[in-house]
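What follows is a set of notes on a single structure, which appears directly below.
The values are calculated or read from the model by the stated rules, or taken from the named source; none is laboratory data. Fair warning: this is a prediction, and the values are worked out from it, not measured in the lab. Here the Cβ positions follow ideal geometry from the backbone for every residue, glycine too, while neighbour counts run over all protein chains shown. Heads up: the accessible areas ignore ligands, DNA and RNA and are worked out on the full protein's heavy atoms, side chains in. Shrake-Rupley method; radii C 1.70, N 1.55, O 1.52, S 1.80 Å.
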Amino acid sequence: MDEVRNLLKGLRRELAVVGVFSLFLNLLLLTGSIYMIQVFDRVLTAGRIETLIYLTLVAGFALVVYGILETLRGRMLSRLAGWMDARLSPPILAASQALALRGVDTGGRGLADLGSVRAFVGGNGINALFDAPWLPLFLAVIWVMHPWLGAVALAGAVVLFSLAVLNEVLTRAPMRENREAAQRERDTADALIRNAESVRALGMGATLMGRWQALHAVTLSRQGAAEERSATLLGITKAARQILQVLLLGVGAWLVLQNELTGGGMIAASILMGRALAPVEQAIGAWKQFVAARAGWRGIARLLSAVPSERETTSLPEPAGRLLVENVSYQRRVGEAPILRGLTFELLPGSV
């Protein structure tokens, strides 16, 4: 557990930097909406080509900066995942060896769990966790445009977050059962491969293959159940997001007719809400990967905590290479004549 605690301490600074990058990325995502408002409400009404050119240049520059920051964030997370692997893989392997010496076969689960965590941290799924906290920023901007638009956007956020929570509740048990079934299947397959010679000699191949096929069928069934539930909720989430954007456009059009909002504000609000709710949809799409990473992290913690910390050893000087034997005797069993009796000799470094 010391390795996990030390790693968590080291991760805080790096994750804080990624969080700062995420803040600026989400601020830069306002570029499209601001550009839209300025084009509709200033350029089209005034007919100034110079204004359009300068607005386009500023927006293009902001989006180039956005692309650079997005690239840097992705590279930082990729390197962070590699750093985690380099820090944790040696103690995980050592813990697995220590448990194997005690008769506990982990079957390489520790390194597999680390692979799940590394895939999530270094992939795109984790971006939703960094972007979701900035949802209130987009909602506040929409609310400033008009309170009615803000109310619709807030209701949409509540609906999608409720779907995300429902996704967690409905898929938690099937995914846990799927991981357990998959592990039993892998253990059986490893045993079949490792003991292939004995299995063939004893004529147990067909029986054990049938046992593995039964476990594999259970794994496929539970995996299918979890994926079907997640896919259903993801489809509902996408449909709900589109409906909310249409509803927001409808409310925005009504406000335009009431002269309470401009056409540019109506379209910009729709773009902003789509961007605000995108992390929730991404999180549901990447939920399986997140659940696997969460279970993997817990498995790593259990594995490392199962092995007690090594006691401190006494430091000894380096061997000088000089061997001195004095009056050594050896007998195989008590009562028998010694094979060696009173052996004494000295070997210096380099001598045989």
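Just how large is the dipole of the stretch 26-176 about the Cα centre, in debye to the nearest 20, putting +1 at every Lys and Arg Cβ and -1 at every Asp and Glu Cβ? Kindly include the intermediate steps, with their values, before the conclusion.
Numbers: 11 positive and 8 negative charges, 74 e Å.
Its charge dipole is roughly 360 debye.
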For the stretch 112-238, what is the accessible area per residue in Å² when the probe is 1.4 Å? 55 Å²
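Under the definition of Cα pairs under 8 Å and six or more residues apart, what whole-number percent is the relative contact order of the stretch 222-306?
Averaging sequence separation for qualifying contacts and normalising by length gives 31 percent for the stretch 222-306.
Quick one: compute the contact order of the chain, relative version, from alpha carbon pairs under 8 angstrom and 6+ residues apart, as a percent. Write down the numbers at each step before the final one.
Working: 330 pairs, mean separation 86.4, N = 352.
Worked out over the chain, it gives 25 percent.
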Report ³J(HN,Hα) in whole Hz for each residue of the stretch 128-133, in order, from the Karplus equation J = 6.51 cos²θ - 1.76 cosθ + 1.60 where θ = phi - 60°; Gly and Pro get x. 5, 5, 7, 8, 4, x
Taking the Cα centre of the stretch 12-82 as origin and charging only Cβ (+1 Lys, Arg; -1 Asp, Glu), how large is the dipole, in debye to the nearest 20? 320 debye
If you build a Gaussian network model of the chain, linking Cα atoms that sit under 10 Å apart, which residue out of ASN127, ASN327, ASN167 swings the most? ASN327
With no solvent and one equal point scatterer placed on each C-alpha of the stretch 72-129, evaluate the Debye formula and give log10 I(q)/I(0) for q = 0.12, 0.22 Å⁻¹, two decimals. -0.35, -0.80
Can you put GLU260, GLU228 in order of accessible area, largest first, using a 1.4 Å probe? GLU228, GLU260
Helix-only mean residue ellipticity at 222 nm for the chain, each DSSP H run of n ≥ 4 adding -39500 (n - 2.57), per residue, nearest 500: -27000 deg cm²/dmol
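Taking only protein heavy atoms into account and a 1.4 Å probe, give the accessible area per residue of the stretch 255-350 in Å².
Details: 6500 Å² over 96 residues.
On a per-residue basis, 68 Å².
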In degrees rounded to 10, the 0-90 angle between helix 147-194 Cα long axis and the longest Cα principal axis of the chain is 20 degrees
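In µm²/s, what is D for the chain at 4 °C and 1.567 mPa s, where D = kT/(6 pi eta Rh) by Stokes-Einstein and Rh is the Kirkwood radius from Cα pairs?
50 µm²/s
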Which angle from 0 to 90°, rounded to the nearest 10, does the C-alpha axis of helix 2-28 make with the longest principal axis of the chain? 20 degrees
Place +1 on the Cβ of every Lys and Arg and -1 on the Cβ of every Asp and Glu in the stretch 247-352, take the dipole about the Cα centre, and give the residue among MET266, PRO338, ALA286 whose Cα lies farthest towards its positive end. PRO338
In nanometres, what is the gap between the two model label sites at VAL58 and ARG200, each 7 Å from Cα along Cα-to-Cβ? 7.5 nm
For the stretch 22-94 versus the stretch 251-288, the gap between their alpha-carbon centres in whole angstrom: 19 Å
Roughly what would the spin-label model give for VAL165 and ARG322, points 7 Å off Cα along C-beta, in nm? 7.7 nm
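To the nearest 0.05, what FRET efficiency results for ALA151 and ALA301 with a Förster distance of 45 Å applied to their C-beta separation? Before the final figure, lay out the partial values.
Values: r = 43 Å, r/R0 = 0.96.
Once the sixth-power term is evaluated, E becomes 0.55.
For the stretch 261-352, give the percent of accessible area contributed by carbon and sulfur heavy atoms, probe 1.4 Å, rounded to a whole number. Walk me through the numbers before you get to the answer.
Values: 3480 of 6220 Å².
It is 56 percent, rounded to a whole number.
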For the stretch 85-223, what % of the accessible area comes from carbon and sulfur atoms, probe 1.4 Å? 64 percent
In a GNM of the chain with a 10 Å cut-off on Cα contacts, which of SER270, SER315, SER78 has the highest mean-square fluctuation? SER315
Using +1 at the Cβ of each Lys and Arg and -1 at the Cβ of each Asp and Glu in the stretch 128-279, identify which of PRO147, SER230, ASN178 lies farthest towards the dipole's positive end. ASN178
Given +1 on the Cβ of Lys and Arg, -1 on the Cβ of Asp and Glu, and no further charges, what dipole in debye does the chain carry about its Cα centre, rounded to the nearest 20? 400 debye
Taking θ = phi - 60°, what integer Hz values does the Karplus form 6.51 cos²θ - 1.76 cosθ + 1.60 yield along the stretch 340-349, in sequence order, with x for Gly and Pro? 10, 9, x, 7, 9, 7, 9, 10, 9, x
Would you kindly derive the ³J(HN,Hα) couplings of the stretch 251-263 from the backbone phi angles with the Karplus curve 6.51 cos²θ - 1.76 cosθ + 1.60 (θ = phi - 60°), listing them in order in whole Hz, with x for Gly and Pro? 5, x, 5, 4, 5, 5, 5, 8, 6, 9, 7, 8, x
For the modelled label position 7 Å from the Cα of TRP254 along Cα-to-Cβ, which residues of the stretch 116-147 have backbone nitrogen atoms closer than 19 Å? 142-147
Against the longest alpha carbon principal axis of the chain, how many degrees, from 0 to 90 and to the nearest 10, is the axis of helix 135-145 turned? 0 degrees
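If I stretch the segment between HIS216 and SER329 completely, what's the gain in nm (0.36 nm per residue apart, minus their alpha carbon distance), one decimal? Show your work: numbers first, answer last.
On the way: separation 113, 0.36 × 113 = 40.68 nm, distance 6.01 nm.
Stretched out fully, the HIS216 to SER329 stretch lengthens by 34.7 nm.
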